[in-house]
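Undergrad: Got a structure for you, questions after.
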């Protein structure tokens, strides 16, 4: 900075210098008149840290908060004239772009799911109303495949080796026994299957015996024993209509929960177990299932009444939701999304049986209470 920045000197402001060409005086020279020349005004000393804070902004003349209490703050070096700053600070009032709205997704291939669902429904209905024994065979095949998926995932993810051979043979026998001998036959087959699991596992080393047989007993109860109640429904005179009512109410409950939850769902039902399920979806499941139950009991079931259907639909919505949450709990523990990949758009067989299995004994019992065993 030179002296001209402090303004043009005025003659006689400081008076003549008596120090000659020393400090505070203009240099002597041929054109220099010590008596007529004026003394140059001394420049003030700018302190490194201003008394009242801040580095002075050379461009704006404003002070930023600084000083002895802010010595640890990093300071950004000022760029030289003409230099482009490397990391310019963003404008605080600059408008931020709005996030693009996310379109709701079903999470699965709906076309494949619908196609597979229609195909399975056609097979089930055809076998159900043509020959009852064929439908019992369909149940047995579904049980064996479900046991294979469950035991495979347990071994892959947890190292649990539940014996599949006695489970598959005992599970198929359990379904047939329930159809032929009713509840008594189902319980006997369940006991024999549990004994076979205990004995079969003895042929392997003892390490892990307890967890393997415990998982085997759980699988025997969870898949074939609960599925046996579907076969027992079939033994009534209007058995095919009872099974059809059971299937329709469960499917309608799941569909209502999905449709209402996808459109209106905001409040989570059980976020730690299944983040996709909402309370609004549960209300949709109840409403859809109760309406379908009233229609089915009034027009499909002998001696049925519409109010029976309302209670049946409410019970189905509750059991189907709990079954779905239970399956989700198992899959979260195993760290998987689906139990298998056998059914495109659906996952595995167990992913379709999750709400059907716990609903089967509920529907069987309520139908016996409302209209008898047939």
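The values are calculated or read from the model by the stated rules, or taken from the named source; none is laboratory data. All values derive from a computational prediction rather than experimental measurement. Cβ coordinates were reconstructed from backbone atoms using ideal geometry, including for glycine residues, and neighbour counts include every protein chain displayed.
Every residue, every condition in (1) assigned to a helix (DSSP H, G or I); (2) under 22 Å from residue 358 (Cβ atoms), yes or no:
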{"position": "126", "(1), (2)": "yes, no"}
{"position": "133", "(1), (2)": "yes, no"}
{"position": "141", "(1), (2)": "yes, yes"}
{"position": "165", "(1), (2)": "yes, no"}
{"position": "182", "(1), (2)": "yes, yes"}
{"position": "195", "(1), (2)": "yes, no"}
{"position": "206", "(1), (2)": "no, no"}
{"position": "221", "(1), (2)": "yes, yes"}
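Undergrad: So residue 347 clears everything in (1) touching a residue at least 12 places away in the same chain (Cβ under 8 Å); (2) buried (at least 16 other Cβ atoms within 10 Å of the Cβ) except one condition, right? Which one?
TA: The single condition residue 347 does not satisfy is (1).
Undergrad: Of all residues being without any contact (Cβ under 8 Å) to a residue 12 or more places away in the chain and in a helix (DSSP H, G or I) in segment 248-301, which is nearest to residue 328 (Cα to Cα)? Just the residue, please. Step through it out loud before you land on a result.
TA: To start, the set of residues in segment 248-301 that are without any contact (Cβ under 8 Å) to a residue 12 or more places away in the chain comprises 251, 263, 268, 271-272, 275, 298-299.
Among the residues that remain, those that are also in a helix (DSSP H, G or I) are: 251, 263, 298-299.
On the way: 251: 17, 263: 22, 298: 34, 299: 34 Å.
So the residue we want is 251.
Undergrad: Could you say which residue among 236, 191, 231, 219 is buried (at least 20 other Cβ atoms within 10 Å of the Cβ), farther than 27 Å from residue 328 by Cα and out of contact with any strand residue (DSSP E or B) (no Cβ under 7 Å at 6 or more places or on another chain)? I'd like the intermediate steps shown before the answer.
TA: Details: 191 fails: buried (at least 20 other Cβ atoms within 10 Å of the Cβ); 231 fails: farther than 27 Å from residue 328 by Cα; 219 fails: farther than 27 Å from residue 328 by Cα.
From the options 236, 191, 231, 219, the qualifying one is 236.
Undergrad: Which is within 18 Å of residue 319 (Cβ to Cβ) and not assigned by TED's automatic domain parsing to the domain that holds residue 358, of 229, 288? Reasoning before the result, please.
TA: Values: 288 fails: not assigned by TED's automatic domain parsing to the domain that holds residue 358.
Of the residues listed, the single one that is within 18 Å of residue 319 (Cβ to Cβ) and not assigned by TED's automatic domain parsing to the domain that holds residue 358 is 229.
Undergrad: Next up: Being at positive phi, surrounded by fewer than 16 Cβ atoms within 10 Å (Cβ to Cβ), touching a residue at least 12 places away in the same chain (Cβ under 8 Å) and touching a helix residue (DSSP H, G or I) at 6+ places or on another chain (Cβ under 6 Å), is that true of even one residue in segment 306-327? Reasoning before the result, please.
TA: Within segment 306-327, the first condition is being at positive phi, and the residues that meet it are none.
Scanning segment 306-327, I find no residue that is at positive phi, surrounded by fewer than 16 Cβ atoms within 10 Å (Cβ to Cβ), touching a residue at least 12 places away in the same chain (Cβ under 8 Å) and touching a helix residue (DSSP H, G or I) at 6+ places or on another chain (Cβ under 6 Å), so the answer is no.
Undergrad: Report yes if some residue within segment 243-257 is surrounded by fewer than 24 Cβ atoms within 10 Å (Cβ to Cβ), within 18 Å of residue 176 (Cα to Cα) and out of contact with any strand residue (DSSP E or B) (no Cβ under 8 Å at 6 or more places or on another chain); otherwise report no.
TA: No - not one qualifying residue is present in segment 243-257.
Undergrad: Taking into account only those residues within segment 342-364 that are outside any helix (DSSP H, G or I) and touching a helix residue (DSSP H, G or I) at 6+ places or on another chain (Cβ under 8 Å), which is modelled with the highest pLDDT?
TA: Looking only at segment 342-364, we keep the residues that are outside any helix (DSSP H, G or I), and these are 342-348, 354-355.
Now narrow it down to the ones that are touching a helix residue (DSSP H, G or I) at 6+ places or on another chain (Cβ under 8 Å): 342-346, 348, 354-355.
Numbers: 342: 83, 343: 75, 344: 72, 345: 64, 346: 66, 348: 87, 354: 91, 355: 94.
Applying the filter and picking the extreme gives 355.
Undergrad: Right, here's the next one. Take the conditions at pLDDT 95 or above and either in the same structural domain as residue 137 (by TED's automatic domain parsing) or over 30 Å from residue 299 (Cβ atoms) (or both) and apply them to residue 241. Does it pass? Please lay out each step first, then the result.
TA: Details: at pLDDT 95 or above: yes; either in the same structural domain as residue 137 (by TED's automatic domain parsing) or over 30 Å from residue 299 (Cβ atoms) (or both): no.
So residue 241 does not fit the description; no.
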